[in-house]
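Asks: Sending over a structure as structure tokens; questions will come in a sec.
The values are calculated or read from the model by the stated rules, or taken from the named source; none is laboratory data. If you're wondering where the values come from, they're calculated on a predicted model, not measured in any experiment. Cβ atoms come from the backbone with ideal geometry, glycine included; neighbour counts cover every protein chain shown. These area figures cover heavy atoms from the full protein model, side chains too; ligands, DNA and RNA do not enter into them. Shrake-Rupley method; radii C 1.70, N 1.55, O 1.52, S 1.80 Å.
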Amino acid sequence: MRSKSGFAGFIVFVLLVLLAVIGPLFTPQLVTDVTAVYLPPSGAHWLGTDSEGRDILVQMINGGRPVILVGVLAGAISTLIAIVFGSLGAYLGGWVDSVIVSVTDIVLTVPQIILLAVLASLYTLDSPWLLAVILGAFAWPYLLRSVRAQVFSLKEREYVEAAQLLDLGTPHILFREILPNMASFIMMNFVVTMTNAIYALVGLYFLGLAPIVDDNWGAMLNKAWTRGAIFFSDSLFYVLAPIIAISILQLSLVTMTRSFEEILNPRLRQS
Amino acid sequence: MVASDTEPVVRPALLRRITARIYHIYVVRRVLKSILTVYLVATGTFFLVRLLPGNPVEVYINTQMSQYGISYQDAASQAAGLFSFNPNRPLPEQYWEYLTGIAHGDLGQSLLSPGTPVLHIVLEYLPWTVFSVGLGVLISCGLGSLLGMLMAYRRGGWIDHTLSLISSLLHSIPNYLLAMLIVVFFGVQLDVLPIAAMRGAYSPGVTPEFSLDFISDAMYHASLPITVYVLTTIGGWMLVMKASTVDTLGEDFITVARARGLRDSRIASAYVGRNAVLPVFPQLAITLGFVVGGSILVEQVFQYQGIGFLLLQSVQRRDYPVLQGILLVVTIAVVAANLVSDLLYSRLDPRVRGTAGESS
Amino acid sequence: MEPILSVRDLVVEYRTAAGPVRAVRGVSFDLYPHESLALIGESGCGKTTLGLALLRLLPKLGSVPSGEVLYRRRGGEVVDLLKLDREELRRFRWSEAAMVFQGSMNSLNPLLRVRDQMRDTVRAHRRMPADELGRLVKDVLRKVQLDPERVLPAYPHELSGGMKQRVLIAMSLLLDPQILVLDEPTTALDIRTQRAIVDVLHELRAQLGFAMIFVSHDLPLAAELADRVATMYAGRIIELGGVRDLFYRPRHPYTVGLLGAVPPVVGDLPELTSIPGGPPSLLALPPGCPFQPRCGYAEADCEAAEPDLAAVAAGHTAACHHRDRVSYARKPAAGGSAPDERVASGG
């Protein structure tokens with residue numbers, strides 16, 4: 001069903017998730033060794049060491065989980081908000097819809113990162129749940145608009161009219177008739193939201209706006225920046241490793257998105 | 001019989017009709033919507049700063065009281081000056097003062113440089129971001145749209161496949177990470193770019209003016225941020241334009257246009273191009289918002305003193321009035337960009353200009 | 001009289017996921033100056049494909065592996081349209097032969113005003129000063145009973161389906177073509193608009209004298225507008241003749257079946273018949289005559305070989321081995337006396 005590249009993206013994503021979730025169970029403890037600062041890759045340290053002499057590969061394996069976890073959570077939260085309020089608004093219409101649309105327009109207008117930065121100045125964003133909620137709290141407008149448009153167009157279809165005549169009630173109609181037809185669409189938006197959440201999350205870590213409690217990929221970038229690792233040639237791997245990992249993660253998500261787009265718009269498929 | 005009064009009277013019904021007529025004009029509706037959005041964001045900012053627990057105004061007052069031992073009244077007065085409001089007054093009054101302040105361009109004063117109006121600070125940094133982001137998005141959109149159209153015309157060919165691949169790759173890597181890679185590879189490892197010299201928005205000693213020297217210097221410094229913006233967003237345009245062009249090419253009126261013996265160039269520009277480019281406009285507004293948001297990150301990597309740079313600085317220093325001001329100004333900028341793109345769209349697509357109906 | 005268009009053994013093939021499919025399987029006919037020819041058939045018989053192929057407007061997946069489409073220019077020179085290069089083809093299109101698509105379709109560029117699209121059409125072929133162009137455009141709009149002042153500044157979405165259809169007809173006349181090809185000119189229009197369009201077409205033919213090919217599934221339309229009628233089935237013409245010959249003395253069982261299914265407007269309602277079964281898939285045609293599974297006259301030789309068009313009378317041909325036995329008479333509805341003539345679907 002999915003295109004080849006989309007399927008490949010999916011596999012890569014699953015592998016990364018497995019690595020992030022299971023990997024840390026098998027990694028040894030990190031040892032600080034001040035004499036082994038910024039060592040190049042070797043047999044002992046496959047990716048070299050960081051500014052405190054700790055193994056980079058271990059940090060990489062450990063560092064994926066916080067990022068992916070929060071990304072998935074944020075995606076789930078924002079997808080949920082978008083689906084619930086988008087469908088309700090489109091289905092019920094009237095003032096409910098107007099309110100939802102107005103709120104959406106406002107949240108859509110202000111760039112997400114800027115809002116996050118301001119919030120970061122007011123609160124300490126240490127728990128992953130808090131981060132996920134905040135990231136998810138601003139990512140839903142785009143999806144909500146699309147859900148709303150889809151529900152509008154589906155609302156007019158015959159099988160919905162039939163269900164209405166049978167007086168099956170709003171939740172039934174929404175969940176059993178309309179939403180299953182939008183499954184591909186929702187999946188695609190979940191992936192897109194995850195992509196944006198990860199972008200914002202790593203960015204917050206990088207800027208130091210989210211406190212660093214563990215060695216996640218974003219934290220590594222923050223340390224690379226603040227400790228000037230960017231400007232030393234020895235510390236290349238410390239900088240490259242998280243960048244490449246994050247890029248691969250995003251690439252897998254983007255290819256999945258593209259294949260969803262092809263499903264939804266068959267004319268995009270390469271014939 | 002004899003007319004006792006001949007003064008013209010504008011009856012209420014007539015007035016209602018005139019107002020309805022004006023409202024029906026798309027432009028008017030659109031501008032009103034923008035003003036409403038800005039108003040709502042300004043209000044949101046107001047309440048964000050004041051009513052949430054741990055609001056910075058209270059924090060400031062408490063800090064002043066504990067650090068300098070001044071009374072609540074005095075600290076409150078100081079806060080009043082800095083935050084462009086008076087915390088002693090009831091909330092509705094504060095709100096009104098806030099709104100009128102904005103209308104007059106008074107956004108308060110910076111906490112860390114007391115006496116400097118927020119507006120001045122913001123206006124010092126804003127043009128650089130507008131310049132780099134604006135130029136970047138325009139180049140990216142123009143180039144990406146042309147490439148997307150090419151990909152649609154040559155579907156399935158090697159151009160299509162290669163460009164798709166490249167665009168996917170570039171789209172995946174977050175723009176600030178690409179910025180870092182550029183610094184690391186071209187600046188440090190390969191030493192091709194003079195990174196240190198390219199920092200900042202303009203070289204020290206160069207005076208901002210409308211001279212060729214200054215403009216070329218500004219371009220020199222903006223080249224790296226612009227490159228990053230272009231590379232990371234061009235993929236999106238290519239995709240949108242390709243999909244749209246493919247859709248348009250399948251439309252009946254294109255077959256009819258060929259049947260009419262129109263030249264390929266005319267078909268490509270006025271028939272395919274004009275129709276295919278329509279989805280680009282809404283996308284333009286969204287991308288602008290996104291890139292402006294991303295400027296907080298990219299400008300940090302390149303140490304480019306735009307509004308993003310200022311934002312981070314203010315967050316780190318807890319300079320709340322400036323933060324408030326930036327939020328407002330950025331919102332206004334994004335709303336204005338949305339407005340312009342919507343109006344341009346309505347110029348192109350006559351179907352939108354109709355009566356007030358369901359907004360899409 | 002020399003024909004203005006001669007089609008010889010035209011084959012049109014589409015590339016599909018299931019392999020190449022021949023939508024047109026060897027069609028031959030002539031079109032004479034000033035005459036009107038109707039191509040009648042059900043959906044999927046290949047009539048629209050044939051119409052598009054004449055002007056080489058097939059979509060990307062379509063191709064013409066063999067055949068000739070010979071066109072006689074006004075000067076007498078004969079060219080094979082399939083052999084024209086891109087520029088020659090572009091210049092041929094519209095100025096020699098124009099096509100009118102269904103008005104209900106999205107046939108006009110939604111972003112340009114009607115007058116701009118008219119202007120585009122003329123400018124692509126001739127250099128004309130602006131005022132002369134204006135007069136030509138207004139003139140041609142009046143010919144289709146449209147008010148130029150109302151229509152020219154309008155965008156397509158501001159016009160009704162009937163008005164758009166008339167705009168398309170007007171546009172087709174701008175360069176005074178010798179041939180007009182119309183694809184379902186009255187489909188998806190309401191009855192009154194259909195009437196208006198048919199009247200307009202009558203008038204225009206009388207005034208301007210172009211030859212017309214129109215593709216339709218609407219038999220009564222053919223009866224009104226056509227001089228000659230060709231019925232198509234499974235990608236071939238299976239009967240071709242003058243309009244009266246075909247309607248009163250059809251010689252192919254399929255034509256008989258089509259006629260039997262249309263109720264007459266006047267007189268008693270006869271027994272209406274329909275042809276059992278459905279048209280065959282072009283990917284899996286029955287052996288021999290493609291109609292034989294549904295044909296009441298079918299015998300062993302029908303499965304053995306596909307019949308070619310053969311004469312039944314002067315200027316009337318039918319592709320049926322048993323054409324001499326085919327006849328058509330309507331049975332009155334139950335209650336009347338039943339004549340003992342055979343009808344195709346009976347037996």
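Asks: State all residues of segment A:211-262 that are in a helix (DSSP H, G or I), β-branched (Val, Ile, Thr) and either within 27 Å of A:TRP129 (Cβ to Cβ) or open to solvent by 20 Å² or more (accessible area, probe 1.4 Å) (or both); if no residue qualifies, say none. Can you show your working first?
Replies: Step one: of segment A:211-262, the residues in a helix (DSSP H, G or I) are A:217-226, A:229-231, A:236-262.
Imposing the further condition that a residue be β-branched (Val, Ile, Thr) reduces the set to A:226, A:230, A:239, A:243-244, A:246, A:248, A:254-255, A:257.
Selection gives A:THR226, A:ILE243, A:ILE244, A:ILE246, A:ILE248, A:VAL254, A:THR255, A:THR257.
Asks: If we keep just the residues of segment C:96-108 that are within 7 Å of chain B (Cβ to nearest Cβ) and of a type outside the set (A, V, I, L, M, F, W, C), which is farthest from the chain's Cα centre (by Cα)?
Replies: Pass one, segment C:96-108, residues within 7 Å of chain B (Cβ to nearest Cβ): C:99, C:101, C:105-108.
Retained after the next criterion (residues that are of a type outside the set (A, V, I, L, M, F, W, C)): C:106-107.
Numbers: C:ASN106: 20, C:SER107: 18 Å.
This residue is C:ASN106.
Asks: If you check every pair at least six apart or on different chains, which have Cβ atoms under 7 Å apart with a residue in segment A:93-119 that is open to solvent by 50 Å² or more (accessible area, probe 1.4 Å) first and a residue that is of a type in the set (Ser, Thr, Tyr) and in a helix (DSSP H, G or I) second?
Replies: Close Cβ pairs (under 7 Å, with a partner that is of a type in the set (Ser, Thr, Tyr) and in a helix (DSSP H, G or I)) amount to A:LEU108/A:TYR142.
Asks: Continuing with this model, one more query. I'd like to check something: does segment A:181-194 contain any residue that is open to solvent by 20 Å² or more (accessible area, probe 1.4 Å), at pLDDT 75 or above and within 12 Å of chain B (Cβ to nearest Cβ)?
Replies: Checking segment A:181-194: at least one residue is open to solvent by 20 Å² or more (accessible area, probe 1.4 Å), at pLDDT 75 or above and within 12 Å of chain B (Cβ to nearest Cβ).
Condition check ((1) farther than 18 Å from A:PHE13 by Cβ; (2) touching a residue at least 40 places away in the same chain (Cβ under 8 Å); (3) among the polar types (S, T, N, Q); (4) open to solvent by less than 10 Å² (accessible area, probe 1.4 Å)) across all residues:
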position	(1), (2), (3), (4)
A:GLY43	yes, no, no, no
A:GLY48	yes, yes, no, yes
A:ILE56	yes, yes, no, yes
A:VAL67	no, yes, no, yes
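Asks: Can you find a residue in segment A:249-263 that is without any contact (Cβ under 8 Å) to a residue 60 or more places away in the chain, within 9 Å of chain B (Cβ to nearest Cβ) and more than 19 Å from A:ALA20 (Cβ to Cβ)?
Replies: Narrowing segment A:249-263 to residues without any contact (Cβ under 8 Å) to a residue 60 or more places away in the chain: A:250.
Filter once more, keeping what is within 9 Å of chain B (Cβ to nearest Cβ): A:250.
Then drop every residue that is not more than 19 Å from A:ALA20 (Cβ to Cβ), which leaves none.
For segment A:249-263, residues without any contact (Cβ under 8 Å) to a residue 60 or more places away in the chain, within 9 Å of chain B (Cβ to nearest Cβ) and more than 19 Å from A:ALA20 (Cβ to Cβ): absent.
Asks: Could you list, ordered by first residue, the pairs with Cβ atoms under 6 Å in which the first is in segment C:161-190 and open to solvent by 40 Å² or more (accessible area, probe 1.4 Å) and the second is of a type in the set (A, V, I, L, M), at least 6 apart or interchain?
Replies: Sorted first by the residue in segment C:161-190, then by its partner, the pairs are C:ARG166/C:VAL144; C:ARG166/C:LEU146.
Asks: For segment B:95-122, how many residues are more than 15 Å from the chain's Cα centre (by Cα) and not in a loop (DSSP other than H, G, I, E, B)?
Replies: Here is the first cut: in segment B:95-122, the residues more than 15 Å from the chain's Cα centre (by Cα) are B:95-121.
With the extra rule that they be not in a loop (DSSP other than H, G, I, E, B), the set shrinks to B:95-103, B:109, B:117-121.
Of the residues in that region, 15 qualify.
Asks: Mind checking whether some residue in segment B:351-360 is open to solvent by less than 10 Å² (accessible area, probe 1.4 Å) and in contact with a Leu (Cβ under 9 Å, 6 or more places away or on another chain)? Walk me through it before giving the result.
Replies: Of the residues in segment B:351-360, the ones open to solvent by less than 10 Å² (accessible area, probe 1.4 Å) are none.
Looking for residues that are open to solvent by less than 10 Å² (accessible area, probe 1.4 Å) and in contact with a Leu (Cβ under 9 Å, 6 or more places away or on another chain), one finds none in segment B:351-360, hence no.
Asks: If you don't mind, another one. Name the residue, out of C:GLY267, C:GLY277, C:GLY288, that is loosely packed, with under 15 Cβ neighbours inside 10 Å and touching a helix residue (DSSP H, G or I) at 6+ places or on another chain (Cβ under 8 Å).
Replies: On the way: C:GLY267 fails: touching a helix residue (DSSP H, G or I) at 6+ places or on another chain (Cβ under 8 Å); C:GLY288 fails: loosely packed, with under 15 Cβ neighbours inside 10 Å.
Matching residue, one of C:GLY267, C:GLY277, C:GLY288: C:GLY277.
Asks: On to the next question. Can you say whether A:ILE77 is part of a helix (DSSP H, G or I), surrounded by 18 or more Cβ atoms within 10 Å (Cβ to Cβ) and within 14 Å of chain B (Cβ to nearest Cβ), as far as the supplied structure shows?
Replies: no
Asks: Run down C:LEU146, C:LEU111 and say which single residue is at pLDDT 90 or above and away from chain B (no Cβ under 14 Å). Break it down into steps so the answer makes sense when it comes.
Replies: Numbers: C:LEU111 fails: away from chain B (no Cβ under 14 Å).
C:LEU146 is the lone residue from the list that is at pLDDT 90 or above and away from chain B (no Cβ under 14 Å).
Asks: Check whether at least one residue in segment A:14-25 is under 30 Å from B:TYR39 (Cβ atoms) and open to solvent by 50 Å² or more (accessible area, probe 1.4 Å), and report yes or no. Before the answer, list the steps.
Replies: Looking only at segment A:14-25, we keep the residues that are under 30 Å from B:TYR39 (Cβ atoms), and these are none.
Scanning segment A:14-25 turns up no residue that is under 30 Å from B:TYR39 (Cβ atoms) and open to solvent by 50 Å² or more (accessible area, probe 1.4 Å).
Asks: If you don't mind, there's one more thing I want to ask. Only one of (1) closer than 24 Å to C:ARG205 by Cα; (2) within 14 Å of another protein chain (Cβ to nearest Cβ); (3) open to solvent by less than 50 Å² (accessible area, probe 1.4 Å) is not met by C:PRO33, so which one is it?
Replies: Only one criterion is unmet by C:PRO33, namely (2).
Asks: Can you spot a residue in segment B:34-52 that is over 30 Å from A:ALA120 (Cα atoms) and either outside any loop (DSSP other than H, G, I, E, B) or at pLDDT below 75 (or both)?
Replies: From segment B:34-52, those over 30 Å from A:ALA120 (Cα atoms) are none; that's our starting set.
No, that holds for no residue.
Asks: Looking at C:ASP80, C:ASP131, can you tell me which residue is open to solvent by 10 Å² or more (accessible area, probe 1.4 Å), more than 14 Å from every other protein chain (Cβ to nearest Cβ) and within 21 Å of C:ARG56 (Cβ to Cβ)?
Replies: On the way: C:ASP131 fails: within 21 Å of C:ARG56 (Cβ to Cβ).
The match here is C:ASP80.
Asks: Pairs only if they're at least six apart or on different chains, beta carbon under 6 angstrom, first in segment A:124-138 and on the phi > 0 side of the Ramachandran plot, second buried (at least 16 other Cβ atoms within 10 Å of the Cβ) and of a type in the set (Phe, Trp, Tyr); list them, first residue then second.
Replies: Matching pairs, first to second residue: none at all.
Matching residues to (1) within 9 Å of chain A (Cβ to nearest Cβ); (2) open to solvent by 10 Å² or more (accessible area, probe 1.4 Å); (3) under 11 Å from A:ILE113 (Cα atoms); (4) outside any helix (DSSP H, G or I):
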site	(1), (2), (3), (4)
B:ILE296	yes, no, yes, no
B:GLN300	yes, yes, no, no
B:GLN305	no, yes, no, yes
B:LEU310	no, no, no, no
B:GLN316	yes, yes, no, no
B:PRO321	no, no, no, no
B:GLY325	no, no, no, no
B:LEU328	no, no, no, no
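Asks: Of the residues B:LEU288, B:LEU231, B:LEU239, B:LEU262, which is facing another protein chain (nearest Cβ under 7 Å) and not basic (Lys, Arg)?
Replies: Of B:LEU288, B:LEU231, B:LEU239, B:LEU262, the one residue that is facing another protein chain (nearest Cβ under 7 Å) and not basic (Lys, Arg) is B:LEU262.
Asks: Ok, one more. Assess whether B:VAL133 counts as being at pLDDT below 85 and either assigned to a helix (DSSP H, G or I) or not basic (Lys, Arg) (or both).
Replies: Values: at pLDDT below 85: no; either assigned to a helix (DSSP H, G or I) or not basic (Lys, Arg) (or both): yes.
Considered against the rule, which asks whether it is at pLDDT below 85 and either assigned to a helix (DSSP H, G or I) or not basic (Lys, Arg) (or both), B:VAL133 comes out as no.
Asks: Looking only at helices (runs of 4 or more DSSP H) that lie completely in segment C:140-236, which have at least 3 residues being closer than 30 Å to C:LEU70 by Cβ? Working first, answer last.
Replies: Numbers: elements: C:148-151, C:161-173, C:191-208, C:219-225.
Filter on segment C:140-236 gives C:161-173, C:191-208, C:219-225.
Asks: Tally up the residues in segment A:107-125 that are assigned to a helix (DSSP H, G or I) and under 17 Å from A:ASN196 (Cα atoms), please.
Replies: We begin by selecting, within segment A:107-125, every residue assigned to a helix (DSSP H, G or I); these are A:107-109, A:112-122.
Adding the requirement that they be under 17 Å from A:ASN196 (Cα atoms) leaves A:107-109, A:112-117.
Residues meeting the conditions: 9.
Here is a yes/no grid of residues against (1) surrounded by fewer than 19 Cβ atoms within 10 Å (Cβ to Cβ); (2) at pLDDT 90 or above; (3) part of a helix (DSSP H, G or I):
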residue: B:VAL256; (1), (2), (3): no, yes, yes
residue: B:LEU262; (1), (2), (3): no, yes, no
residue: B:ARG266; (1), (2), (3): yes, yes, yes
residue: B:ARG274; (1), (2), (3): yes, yes, yes
residue: B:ARG347; (1), (2), (3): yes, no, yes
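Asks: Select from segment A:122-133 the residues that are buried (at least 19 other Cβ atoms within 10 Å of the Cβ) and under 13 Å from B:LEU48 (Cβ atoms) and list them in ascending order.
Replies: Result: A:LEU122, single match.
Asks: Evaluate segment C:138-150: report whether one residue or more is open to solvent by 10 Å² or more (accessible area, probe 1.4 Å), out of contact with any Gly (no Cβ under 7 Å at 6 or more places or on another chain) and within 14 Å of C:GLN102 (Cβ to Cβ). Lay out the reasoning, then the answer.
Replies: So the first thing to find is which residues in segment C:138-150 are open to solvent by 10 Å² or more (accessible area, probe 1.4 Å), and the list is C:138-139, C:142-143, C:145-147, C:149-150.
Among the residues that remain, those that are also out of contact with any Gly (no Cβ under 7 Å at 6 or more places or on another chain) are: C:138-139, C:142-143, C:145-147, C:149-150.
Remaining after also requiring within 14 Å of C:GLN102 (Cβ to Cβ): none.
No, the conditions are met nowhere in segment C:138-150.
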